[in-house]
1. Mind checking the full-extension length gain between Glu168 and Glu303? Use 0.36 nm per residue of separation minus the Cα-Cα distance, one decimal, nm.
2. Provide the packing ranking of 198-206, 276-284, 184-192, i.e. peptides ordered by the mean count of other C-beta atoms within 10 Å per residue, highest first.
3. For Lys69, which lysines qualify as cross-link partners when the Cα separation must be under 16 Å and same-chain residues fewer than eight apart are set aside?
4. Which value, in Å to one decimal place, does the Kirkwood hydrodynamic radius take for the stretch 121-229 when every pair of different Cα atoms is included?
5. Whose amide H sits under 5 Å from the amide H of Ala283, counting only residues 5 or more places off or on another chain, with H placed in the peptide plane?
6. Shape of the chain from its Cα gyration tensor (a ≥ b ≥ c, root eigenvalues): rounded if a/c is under 1.5, otherwise prolate when a/b > b/c, or oblate?
7. Would you mind computing, in nm to one decimal, how far apart the modelled labels at Gln200 and Ala188 are, each placed 7 Å from Cα along Cα→Cβ?
8. Which of the helices in the chain, when you take each full DSSP H run, stretch at least 18 Å along the axis at their Cα atoms and have an average Kyte-Doolittle score of 0.0 or higher?
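A short reminder: the numbers here are calculations on the coordinates, not readings from a lab. Quantities reported herein were computed from a predicted structural model and do not represent experimental measurements. Heads up, the Cβs are rebuilt from the backbone with ideal geometry, glycines too, and the neighbour counts pull from every protein chain shown.
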Amino acid sequence: DWTTGNVIEEQIEAIRAQVGEKRAICGLSGGVDSAVAAALVQKAIGSQLTCVYVDHGLMRKGETEQVEKDFVAATGVQLKVVDAQERFLKALAGVSDPEEKRKIIGREFIRVFEQAQAEIVAEAPDDHPVEFLVQGTLYPDVVESGGGTGTANIKSHHNVGGLPEDLEFQLIEPLRKLFKDEVRMVGAELGLPEEIVQRQPFPGPGLGIRIVGEVTKERLDLLREADAIAREELTAAGLDRDIWQCPVVLLADVRSVGVQGDGRTYGHPIVLRPVSSEDAMTADWTRMPYDVLAKISTRITNEVKDVNRVVLDVTSKPPGTIEWE
Ligand code: XMP
């Protein structure tokens, strides 16, 4: 029988058996999946778990603060925040290929976790070793990274196909058989607040795979602004629950001519990609109200420097994936 209660009990037992007296770390991304995975593992092994939040500079506006405050308040987990912005920017410099970006981000995540592991050990050297890494991998991540049977590799999810081969950790992936809606139910059952459980999905590689072209600090800042405006207006319009997610994408290598103020501009387009979905395996583009789109478009072109055009993605999945990279 599939019930959230059964899933939780089964996983808690399996995690305890796997970890024993050793310690584990869990990468928190601010998203639903890692939050639920962390809460589940914490329930199983308590203070043997330390959560690690990697601030890679690819997060959206306000996200780091949200993890630092809200998640810790909700769960009481031990949290370690690592500022790795420079490191990720350096590793991504000059790279525009989507798969290469995903692999670099996956690899850098692991390197930062290894560093965090060393620090945690150094802080309590007599305690049991830190051997496990918890990840919020879901069933669709496994399938789409080619880990399922007979499926093509569509994208290397940062936590599946993007892992380096010399991984030193043993993985704990308690959500590996679940779909998103099931994960949300498990999270609610574990007592996580609505704001966390009902959050829209956001990919682990963050804004790094929403810049078509090379990732730079300037481009990230620009995209962060545009994304914050889109989110603000979608929330204000009460559309958060109707829309599965709305990636905001910067076409950094494309320019088009515009006229702003009293002059010609030659700026970048921003793509809005609102989608409706049940499980992200398939999706349809959301027929959202024109007046909301108009407001987002006006605000982005007025408020974000170097953006002079906003376009709407009207492609389903398939043939388009939800993210552009
Ligand atoms: P695609 O673009 O494959 O996205 O249609 C399906 C869903 O997965 C999210 N996504 C990711 N989530 N790590 C994640 O945690 C990743 O590497 C990743 N890539 C895509 C995407 O936002 C959508 O919800």
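1. In short, 44.1 nm is gained.
2. 198-206, 184-192, 276-284
3. Those lysines meeting the cut-off are Lys61, Lys80.
4. One over the average 1/r among Cα pairs gives 16.8 Å for the stretch 121-229.
5. So Ala283 has HN proximity to Lys317.
6. Taking the square roots of the gyration eigenvalues as a ≥ b ≥ c, the chain is prolate.
7. The two pseudo-label positions are separated by 2.0 nm.
8. Flagged H segments are 32-45.
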